[in-house]
Every structure is written in structure tokens, then in C-alpha cells.
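Read the figures in this text as sums done on the coordinates, not as results from a lab. Since we're looking at a predicted model, the values are computed, not measured. Because the Cβ atoms are built from the backbone with ideal geometry, glycine has one as well, and the counts that use them run over all protein chains shown.
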Amino acid sequence: MNTDTVRPAVTELRLSAFKTHRGVTLPLTRLTLLSGESGSGKSSALQAYEILARLGSGESLARAVGEVAGSPAACVPAGARPDEQGRRGFRIGCTVDGPAGPVSLDLAVQAEPELRIVGERLTGGGETLLTTALTDPNRPAVQAAWHTAGATPVTRAPLPDDRLGTSLLPLRVAGKTEGQRLVLAAAEQVVVALRSAFVCDPRPEVMRGVRADGTGGAGQDGGCGADGAGGAGRGAGVRRSGRGAGPVAGLGKPGGAGGAAVARGMGKRKGSGAGEAGGWGRDAEGTRGEGRLRSSCDNLPAVLERTSRECARRHAVLVAAVREACAGPVEGLRAVPRQAGGTGEGAADAAGVAGPGGAAGPQTGAVGAVGVRAVLDRGVLGELPVEQLGDGELRFLALALVLLTGPEVLAMDPVGEVPSAHQQMTVMADGMDRCMDPRQARELVSLALRMTDRGHVRLLGTVRDPSVAEGLPGVQVLHLGV
């Protein structure tokens, strides 16, 4: 059985007009790394993928773009001019392979003056399966037409202009004709692949705790935030500051206006920051120990406590990988109870726990006043709290844990309607080798290669140094900006 075709997966990312990209097509394999100079568009490519993933998961267009890029204008290609109606926008798309064969989804998004999808096109099996177009700019709807191949070749109906039409097709198509069944199979394939994405950006400064003022604390190595400079955690979540998030020029004449914002969101994926817990131990809703790893990996000890109990074999693989990446002996890795109010060591122990309103509470000398903390067993050297590891070691540990788990352990929206055996999770890791030395980065890529070879996990990451993948068969490195 060829699992690559049985499990839906995004095999091509199209950046027709997005930020610094114009007419760019990126083929994606099970393990693809993007490299290039600063400003070459590595992070932008991942942002385009994440926008598609959020839309496929049911998020609104405004939320998907806002969470990823900060503002719609940030996605518009530099140098593009508005048309006579003052419209600017961007275009992105993807191809998804799976049981229905290659299926392509392309979106044209109007960023200004209103955020809307100007057009959506779904094609597969030699047919145009869905098209949308804006026929009345004053109405919050687009006119959609989908393939029927029955007594009526095409069905036409309005769809909301803040929804991804492809994700709504299962609610509108009866599946009575062969054409309708083709439409449903293609739409399901695209939605399953896009929803199976997990954006992972371990933040050492957040993993060690945040200060009461909401800014990220410095790590042992001088701090390594998402942009390499010690990130700030504001409000309800700590998120990468998107490159090029300021006002940018737009796309000329996008060809209309439209909209798509998806109903079922990736709302299960929470951010992390001062508004949550001030450190490890709580999720964004104030509950403790849910055991699902968040994007910033700030709740890593609770997840380690769960995974070490549920799968000893995978935990042993994690320990072996950490042993190769960390300086000094590593005989074990485990979560141990934390004493409430006790004094501890490291930057994490100085962080306060956020109160119900999101403000940091009194400093207790413990991250997440009660619960667990993760420690390395150093043998005769004793135990070492993982928050005392260097930034590179912390990021390695978190990324390795992600690669060795699955949707049930990660704070993502799993595709419950489809058996897990028919799914592939795609891990998206911007700055995969950030803060790591070449030895650590190569060990992480080697681990990723072993896991992706099994067919259940795919990886799309960016690296500064492409040499970390040299000599590793099965790793595709795409050099951007060349």
C-alpha cells in the first residue's frame, strides 16, 4: 500500500502573489526544509500555508490572516498598486494528493478596502469542481458554482463571503450523482490535509516563564525569541512577530472581490503568554494539566508526564535523542511533582502564576504553583530542571517531542471524522535550527527523517544552515531567493 497517496497531504504550495513571493511554486515532500538569506521569504511561505490550514480548519478569513500575519496589508506583495476601486490583495494555493488524486485549491484574496476572498477555485479529476465569484460588492456573499454532472451540470448558490467554500461543500452537496460524489471526495481530501497541520514554535523564554509585565524573560543563552531576539508575550498569546508585517504595497487588479472565512476554527489551538499562566502548568482557559502540547511548548512538563505514561517505547526514543543533543550525561527524562510555594532554581522559578484575569500573580518561586516540572536525570550529577537547559537544548527537546507524538497529544483540531490511519500530520517549524549548534540541528533533522519515513508525519521547516541535511536521503532542501 502506498501510504503517501492513501493519506491526504499537501504536495505543492503556490505563492502566486504573497508578500515577497510572485509566481513561486514549492513542491513539498514528506520532509521539506526551506533555506535562504534573511528576507528570502522562508517564514512567509510557512505563513501562507498556515493561512490555508486555518481556513481549511474553519477559521474566519479575518482571524486566519490576523493571527498569522498581523494585518491583511502585510500579505500583499510589495510594489503592487491598487486598482481603480482601490483594491489590493494576494493569491495563494495548494495541491493535495490523496485517494481522490491530485486536487488543487487556489484563492485570490482582497486585502483592501475590505478583507474578502475574491475568488476560489477547486479542481480535480480533470474537472472544475468549485468556483466562486463576487457578483454584488454590496452583499456579504459570493456566487458559487459546483460540479453536479446530473440533469443539471452545475449547481449555483450563494455562499458567505467570509467562509472557505471548499469547507462548506459537505453541508451543501447531497452526493446523489457521480459528479457530486467527486466534489465531496475532493473537498474532504483538501480539508483533511489542511486541518492536519500543527504550527510549532518552541519559545525558550516562555517555557522558562514570563515576567509580571508580560514580556518574555531572557534565556540562559541571552534569550532566543521567535525572531532571534527574545520575544515579548503580550495579551492572550505569545506569537512570532511576522516579518514584513507593516504596511506593504498591494496586488493590482485582483479581479473582483469575494470572501471566505471558515466556520469551524482551529480554536482549540491556544496561544501562550502572560494572559495564560505566566509559565508552565495551565492552558488558556485556566485549566491545568490538559496534556496537549501548545505551539509555544510552554506546558511541556505536563505533556511529558502524560506521554511517558502512555508510551514507554516512544519516551525511550525521546530520551535517546535528547542524550545526543544535550551536553553532559542524560540517563532519563521525567516529570516530577512540584511543591507549591517552594523555592527553585533557574529563571522559570521566579515567574508568577497568572490570575484569572490574565495578570501575573504573586511570585511563588515555582512555574505553575502546583503540578509538575520536567527534569533530566544526570546520573551521579543528580537531576537538572529542563528550564535550566540552554535555548538550543530546550528547543530540541520540544521539537523532538512534537515529532514523536500525534494530533491527540498536540493542541490542534484533529480530524475526528476520518480514521487516524488515513491521516498525516504536518508539522510546521519556522527556524527549525534556531539557537541550535550544527550537531543538534542535524540530530533533529535525522529524527524527523526517521519519523516521516513511517508515513504518519510530514515536516515543513525553515533552516538557516542547509548543510545540516547534507547526506541525509529523503530530505528535500529548497533554496529560496536564488
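In this structure the amide hydrogen of Leu478, modeled in the peptide plane, comes within under 5 Å of the amide hydrogens of Leu33, Leu34, Ser35, none closer than 5 places in sequence on its chain.
Among 38-44, 70-76, the peptide with the highest mean count of other Cβ atoms within 10 Å heads the list, and the full ranking is 70-76, 38-44. Listed peptides 379-386, 331-338, 187-194 appear in the order 187-194, 331-338, 379-386 once ranked by packing, highest mean of other Cβ atoms within 10 Å at the front. Scoring 323-330, 394-401 by mean Cβ neighbours within 10 Å over their residues and listing the highest first yields 394-401, 323-330. When its C-alpha radius of gyration is set against 2.2 N^0.38 Å (N residues), the range 1-72 gives a value of 1.22. Starting from the Cα gyration tensor of the range 69-202, take the square roots of the eigenvalues, sort them a ≥ b ≥ c, and report rounded, prolate or oblate (rounded when a/c is under 1.5, otherwise prolate if a/b is larger than b/c, else oblate). Oblate, since a/c reaches 1.5 and b/c is not below a/b.
All other residues whose Cβ lies under 11 angstrom from that of Pro438 are scored, Lys and Arg at +1 and Asp and Glu at -1, for a net of -2.
How would the range 1-160 be classified by its alpha-carbon gyration tensor: rounded, prolate or oblate, with rounded meaning a/c under 1.5 and the a/b versus b/c comparison settling the rest? Please list the in-between numbers first.
Details: a/c = 2.06, a/b = 1.03, b/c = 1.99.
Oblate is the answer for the range 1-160, as a/c is 1.5 or above yet b/c matches or exceeds a/b.
Annotation: amide H-H contacts under 5 Å for Val427 (H modelled 1.01 Å from N, sequence separation of 5 or more, or interchain): Phe198, Arg458, Leu459, Leu460. Summarising the amide proton neighbourhood of Ile117: residues at separation of 5 or more, or on other chains, whose placed amide H is nearer than 5 Å comprise Gln110, Gly258, Gly259, Ala260. With the simple spin-label model, which puts each label point 7 Å out from Cα in the Cβ direction, the Glu383 to Arg172 separation comes to 5.7 nm.
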